[in-house]
Every structure is written in C-alpha cells, then in structure tokens.
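J.: One structure coming up, written as structure tokens, with questions to follow.
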Amino acid sequence: MRYSDYHALKKSEIVKVNFEGLPGVYHAAKFRQIKTDKMSVVPLLPEALAILKQNELSQDDYALPRISNQVLNRVIKDICKKAGINSKVSVDVYKGDKRETSYYEKWQLISTHIGRKTFISVAASKSIPVHIVASIAGHSVKTCMKYYAGVADKDRFVRVVEEMCFDE
C-alpha cells in the first residue's frame, strides 16, 4: 500500500473477509485509498497480522505505528543492509544530453515505493490475476499492464488484460 494509506490505516479497517473461490475466513485491510478515493481490500498474510498485533494495545485508533515516511524508509534500508541486500546496481541520470552513471548497493535504493513496485512485479510474475493485483495496488487494469507487462509471461499477461479492459 502507499505510505499515505499505511499512515492512515485504522484498527477498525482490519476485518475478517471471505474471498470468492477460497474456503475459510481471512483477514484483510479494507480501506478507502487516499490518492484514488477508491475502496481497496488488501489480503493480509500471517506475518502482516503479527505486525498489526504488536500495535493492537496502543491507545490510538491507528493500526500501525505513526512514523514519518523518511523514518520508515531509513528503517527499511537498515533492515535490507543487515539482510545483505548489497549487490551493485547502476543508476543513469540524464542532464541535458549528458548521461551520468552512479553505482549503489541495492539497500541504498530500497524504499516504501520500491516495495510497492516489487510487490506488483512479483504478483504479476506469479500469475496472480491482473485485476486482483490492480485492485490491491489501486491501479486500473490498463495502468497495471502499461507498467508491469514485461515482468510476467507477456503473452498470457496481455491476454488477461485485454479480456478485462472492456470493462474500463
């Protein structure tokens, strides 16, 4: 989810849900996205529920600790550095017609936004239906296809998106 949605997520928005085609009851974050003003239902893994439980006894109504985006990104970078996510990557920046290439360790570039993009890419590559990925991310199906079509079995991904685009 976007940082703005993380920061505003209320305890009351963590609900039990039944997902079509899946037996049993699951937990999800059901909230209105700040950027798009669309309702979103994000399924929660057991690891996410464990993190939410840690904040359960706080006196406020927020589901997660209230920290700034900068602090959250710093914590993410520290965790990734300790986890050894340190392969070198190049980043090209264009200034006019001149290209400048800088090199970084991956942990230096990781942020909440990169996490969002990675989730979408991994979900697409795991054949999670594109309309579900788009719904969780707050994208339209067309937006999801535009940015992430290269990460999955391209022919299959494009076929699924084309089947769904008639709705938009």
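J.: Please give me the summed charge of the neighbours of ASP78: other residues whose Cβ is under 15 Å from its Cβ, Lys and Arg +1, Asp and Glu -1.
T.: Residues near ASP78 contribute +4 overall.
J.: Apply the Karplus curve 6.51 cos²θ - 1.76 cosθ + 1.60, θ = phi - 60°, to the phi angles in region 112-126 and return the couplings in whole Hz, x for Gly and Pro.
T.: These are the phi-based 3J(HN,Hα) values: 4, 5, 5, x, 4, 5, 5, 4, 5, 5, 5, 4, 4, 6, 8 Hz.
J.: Amide H neighbours of GLN33 under 5 Å, counting only residues 5+ apart in sequence or on other chains, H built in-plane at 1.01 Å?
T.: For GLN33, the qualifying residues are LYS38, MET39, SER40.
J.: Excluding GLU105 itself, what net charge comes from residues whose Cβ is under 11 Å from its Cβ, given Lys and Arg +1 and Asp and Glu -1?
T.: Local charge sum for GLU105: +4.
J.: Also: Ordered by residue, what ³J(HN,Hα) values in Hz, to whole numbers, does region 23-30 give under the Karplus form 6.51 cos²θ - 1.76 cosθ + 1.60, where θ = phi - 60° and Gly and Pro are x?
T.: x, x, 10, 10, 10, 8, 8, 10
J.: Is region 1-66 rounded, prolate or oblate when judged by the Cα gyration tensor, a ≥ b ≥ c being the square roots of its eigenvalues, rounded requiring a/c under 1.5 and prolate requiring a/b larger than b/c?
T.: In terms of gyration-tensor shape, oblate.
J.: Rounded, prolate or oblate: which fits region 1-155 when a ≥ b ≥ c are the square roots of the eigenvalues of the alpha-carbon gyration tensor, with rounded for a/c under 1.5 and prolate only if a/b beats b/c?
T.: Since a/c reaches 1.5 but b/c is at least a/b, the shape of region 1-155 is classed as oblate.
J.: Here is a follow-up. Around VAL17, which amide H atoms from residues at least 5 apart in sequence, or from another chain, sit under 5 Å from its own amide H, with H modelled in the peptide plane?
T.: Correct list: TYR26, HIS27, ALA28.
J.: Using θ = phi - 60° and the Karplus curve 6.51 cos²θ - 1.76 cosθ + 1.60, what whole-Hz ³J(HN,Hα) does each residue of region 55-63 get, with Gly and Pro shown as x?
T.: So the Karplus estimates, Gly and Pro as x, are 9, 4, 8, 5, 6, 8, 8, 7, 6 Hz.
Quick note: the coordinates plus some simple rules give every number you see, no bench work behind them. Being a predicted model, the structure only gives us computed values, none of them experimental. As a convention, Cβ positions derive from the backbone with ideal geometry for all residues, glycine included, and neighbour counts pool all protein chains shown.
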